[in-house]
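Colleague: Handing you a structure now.
The values are calculated or read from the model by the stated rules, or taken from the named source; none is laboratory data. Quantities reported herein were computed from a predicted structural model and do not represent experimental measurements. No Cβ is skipped: glycine too gets one built from the backbone with ideal geometry, and neighbour counts run over all protein chains shown.
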Amino acid sequence: MTSGDPAAVQLRDLARLRRVRDRIDREYAQPLDVEALARGAHMSAGHLSREFRRAYGESPYAYLMTRRVERAMTLLRRGDLTVTEVCFAVGCGSLGTFSTRFTELVGVPPSVYRRAATAATAGLPACVAKQVTRPVRNREAQVTAPSLA
């Protein structure tokens, strides 16, 4: 394969995308933006965004925010930090953006989740609690109508 071979280019880009995803997983609490991620992968921001979405079904920013929300859920279940402290601990610079994205993925605001999660996961091993409380990916949380029964 030569460097101009489309298959070689696709494999090289896929390896770069995996490195970007791994970096997001490792450094989710650091200030990351698409331009910085693209520079680290030697790609343009537009190309990174398009290829990342094609490979993983969501933009790099959405993936980053999902990682941050997953970590926030764990910290909120512990109950020893305020929502604001959790917001900054996971790398979000804006409480409003954090709360909005958290609500989109989880279905309830972080403050409500914090109150309910402690009771809902009481007695469950941490690995099980993490699985059953994982946020919904690539779509907003399903809102169910309250039961009148």
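Colleague: Checking Gly96 against (1) in contact (Cβ under 8 Å) with a residue 60 or more places away in the chain; (2) part of a helix (DSSP H, G or I); (3) of a type outside the set (A, V, I, L, M): exactly one of these is not met. Which one?
Modeller: (1)
Colleague: Scanning for something over 30 Å from Cys127 (Cβ atoms) and either touching a strand residue (DSSP E or B) at 6+ places or on another chain (Cβ under 8 Å) or acidic (Asp, Glu) (or both), does the stretch 61-83 turn up at least one residue? Working first, answer last.
Modeller: Just the residues of the stretch 61-83 that are over 30 Å from Cys127 (Cβ atoms), to begin with: none.
No, the stretch 61-83 has no match at all.
Colleague: Please pick out the residue among Met73, Met65 that is without any contact (Cβ under 8 Å) to a residue 60 or more places away in the chain, surrounded by 17 or more Cβ atoms within 10 Å (Cβ to Cβ) and hydrophobic (A, V, I, L, M, F, W, C). Write out each step before concluding.
Modeller: On the way: Met73 fails: without any contact (Cβ under 8 Å) to a residue 60 or more places away in the chain.
Result of the check over Met73, Met65: Met65.
Colleague: Sticking with this structure for a sec: For the stretch 109-141, which residues satisfy the criterion of being buried (at least 16 other Cβ atoms within 10 Å of the Cβ), over 22 Å from Arg26 (Cα atoms) and at pLDDT 70 or above? Step through it out loud before you land on a result.
Modeller: Pass one, the stretch 109-141, residues buried (at least 16 other Cβ atoms within 10 Å of the Cβ): 110, 113-114, 117, 121, 129, 133, 135.
Then keep just the ones that are over 22 Å from Arg26 (Cα atoms); that gives 110, 113-114, 117, 121.
Across the stretch 109-141, the qualifying residues are Pro110, Tyr113, Arg114, Ala117.
Colleague: Scan the stretch 86-93 and give yes if some residue there is exposed (fewer than 15 other Cβ atoms within 10 Å of the Cβ) and touching a Pro at 6+ places or on another chain (Cβ under 8 Å), otherwise no.
Modeller: Yes, the conditions are met somewhere in the stretch 86-93.
Colleague: For His42, which of the numbered conditions (1) in contact (Cβ under 8 Å) with a residue 24 or more places away in the chain; (2) closer than 30 Å to Arg115 by Cα; (3) loosely packed, with under 14 Cβ neighbours inside 10 Å fails to hold?
Modeller: Every listed condition holds for His42 apart from (2).
Colleague: Quick check on my filter: what residues within the stretch 1-39 are assigned to a loop (DSSP other than H, G, I, E, B), hydrophobic (A, V, I, L, M, F, W, C) and surrounded by fewer than 14 Cβ atoms within 10 Å (Cβ to Cβ)?
Modeller: Taking the stretch 1-39 as the starting set, the residues that turn out to be assigned to a loop (DSSP other than H, G, I, E, B) are 1-5, 28-33.
Filter once more, keeping what is hydrophobic (A, V, I, L, M, F, W, C): 1, 29, 32.
Correct list: Met1 only.
Colleague: What is the number of the single condition among (1) closer than 27 Å to Val34 by Cβ; (2) surrounded by 14 or more Cβ atoms within 10 Å (Cβ to Cβ) that Leu81 does not meet?
Modeller: With respect to (1) closer than 27 Å to Val34 by Cβ; (2) surrounded by 14 or more Cβ atoms within 10 Å (Cβ to Cβ), Leu81 is out only on (1).
Colleague: What pairs come up if the first residue lies in the stretch 111-139 and is more than 15 Å from Gly79 (Cα to Cα), the second is exposed (fewer than 13 other Cβ atoms within 10 Å of the Cβ) and at pLDDT 70 or above, and their beta carbons are under 8 Å apart, counting only those six or more places apart or on different chains?
Modeller: These pairs meet every condition: Arg137/Gly57; Asn138/Gly57.
Colleague: State yes or no: is Gly96 farther than 27 Å from Arg19 by Cα and in contact with a helix residue (DSSP H, G or I) (Cβ under 6 Å, 6 or more places away or on another chain)? Walk me through how you get there before you give the answer.
Modeller: On the way: farther than 27 Å from Arg19 by Cα: yes; in contact with a helix residue (DSSP H, G or I) (Cβ under 6 Å, 6 or more places away or on another chain): no.
No, not satisfied.
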